[in-house]
Amino acid sequence: MSFRRTYRPVLILISAVIIATACTEPIDIELDSTYQRLVVEGYVNTDSIKHYVILSVTSDYFFNEASPRLSDAFVELSFEGESMQLIENDAVPGLYEAPYAFRGVIGSTYDLDISQLDINQDGVEDRYYASSTMPGGTELEYIELKYYPTAVATGYAVFMYAFHPPEQRDWFGFKLFKNGVPLSNSLEDYSVLSDDIFDDGYLPGLPVGFLSDDETEQAVHPGDTVTFELNCIDEAYYNFVSGAQLEIVGYNPLFSGPSANVASNLSDGAFGIFAAYSIQRTFVVAD
């Protein structure tokens with residue numbers, strides 16, 4: 001019996017063990033601290049509420065707590081010739097609210113001005129700006145539930161019917177509620193869509209969600225009310241959500257380009273988003 005035939009399988013086995021051992025050896029990665037940056041989350045919509053802005057600062061990668069909230073800033077919202085100072089909530093640091101409830105207006109531009117800060121603690125006051133014009137024009141008509149008992153999953157698919165002006169460029173966000181409880185209450189679950197895929201102005205049964213029988217909070221029974229919320233959003237908000245979701249779920253294929261900072265419409269290197277968007281809702285009661 002030759003040497004090659006006798007020992008080749010053994011050499012392959014030894015090589016595999018060595019490679020497996022090498023792959024599981026711990027590697028320490030040094031991630032240095034960097035300077036802090038402002039993080040903004042702020043919205044104005046067509047609901048009659050006290051619209052708000054949340055301010056925080058970035059933290060190190062291995063910081064195992066929520067990002068620190070930022071207090072004592074001056075936050076001003078301007079629109080239609082009016083300016084108002086947002087007041088920090090006494091019970092929630094970093095949450096700045098409008099002094100009274102109001103409805104945003106489609107077509108109006110909302111300007112956010114944040115000052116009286118020194119994020120990098122260099123003794124120089126920092127100031128940040130953002131602006132968003134509230135889009136609208138798409139008319140939500142109704143939604144329809146269709147039950148699909150398939151081998152893969154069973155549940156109700158939700159279809160939206162709406163008119164979309166064909167000459168208008170739009171971006172959309174979708175939210176679902178069951179019996180008043182939101183099913184899209186995180187950024188990861190918030191669905192956004194560009195109108196690039198539409199050929200004309202009518203959306204005849206666009207699929208906007210699936211309510212699985214296997215998920216207790218989603219499962220629909222006779223008498224349950226399913227509410228659909230259509231948000232008309234601007235391009236900046238669409239890009240922010242799309243980029244953030246890509247960072248959350250990871251890149252595919254595995255060896256694609258490196259991660260990058262999520263797109264923001266804030267000035268001077270701040271992260272986050274300030275968005276004005278319009279809201280339409282409709283509902284259906286399950287049979």
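Some values worked out for this structure:
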read-out	value
Inter-site label distance for Ser212 and Glu167 at 7 Å from Cα along Cβ, in nm	4.4
Per-bin percent of Cα-Cα distances, segment 94-223 [5 Å]	2, 7, 12, 15, 15, 13, 11, 9, 6, 5, 3, 1, 0
Compactness relative to 2.2 N^0.38 Å, alpha carbon Rg of segment 74-163	1.76
Binned Cα-Cα distance frequencies in segment 182-235 - 5 Å width, integer %	4, 12, 23, 25, 16, 12, 7, 1
Linear extension gain, Phe198 paired with Ser78, 0.36 nm per residue minus alpha-carbon span	39.8 nm
Difference of contour (0.36 nm per residue) and Cα-Cα distance, Arg103 to Leu246	48.3 nm
Residues of type aspartates and glutamates that Lys146 reaches as a straight line, Cα spacing below 20 Å, ignoring anything fewer than 8 places off in the same chain	Asp213, Asp214, Glu215, Glu217, Asp224, Glu229, Asp287
Segment 135-287: radius of gyration over Cα atoms, expressed as a fraction of 2.2 N^0.38 Å	1.14
Burial order of peptide ranges 224-235, 101-112 (average beta-carbon count within 10 Å, highest first)	224-235, 101-112
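No value in this document is a laboratory result; all are computed from the given coordinates. Model, not experiment: these values are computed from the prediction. Note: ideal-geometry Cβ built from the backbone for every residue, glycine included; neighbour counts use all protein chains shown.
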